[in-house]
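Engineer: Here it is: the structure, laid out below.
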Amino acid sequence: VRAGAFRMTSGETGDFVAWCIDLAQHLGSGRPYQEAPSLLSQAAQTGLGRLFGSVYHQIDTGLEAAAFQLAIWEIIDEDAANDYDLAAGDFSASRNSGAIGLAQTYLDGLLGAEDHAGLRFFESGQDLVTADLAPVPLPASGALIVVGLGGLALVRRRRRRQA
């Protein structure tokens, strides 16, 4: 699974950067996204609030964006009382030691972090989370664009086969 942020546009919200919540869902191209009051438990929202509040402003490379996405999935799928650990539990990551190590660093720093309560959730084909913070500059490398377009092509091909 490729990990990172998505630039989104909403008539009500304008432009924003969003992150996937569920690994089993696909980002829907051309599908309307509706803002949802809450899609997660209070514990997960608190963990995400701390993650966004402490790390979000630092993300400006593809590796950092991938690590941030991994940390989001860990917070959503694990219980903070059992410590966040990307090597064990219901959610674990492999194959990219740089992103995994950085994500684990983000997670290890959450204990004393301030909870940023400005989380916003959107639901449709892929549920998303974002926060009302200063925009994050995302990497504009050609490789990331190619990966994103390849993912959209794969989703379209799957839909055509199912039809």
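Engineer: In what sequence, highest mean first, do 62-75, 88-101, 37-50, 119-132 appear when ranked by Cβ atoms within 10 angstrom?
Structural biologist: For the peptides 62-75, 88-101, 37-50, 119-132, the packing ranking is 62-75, 119-132, 37-50, 88-101.
Engineer: Provide the net charge surrounding residue 119, with neighbours chosen by a C-beta distance below 14 Å and charges set as Lys +1, Arg +1, Asp -1, Glu -1.
Structural biologist: -4
Since every read-out is calculated from the coordinates, none of them should be taken as a lab result. Since the structure is predicted, the reported quantities are computational estimates derived from the model, not experimental observations. A quick note on method: Cβ atoms are made from the backbone with ideal geometry, for glycine too, and the neighbour counts reach across all protein chains shown.
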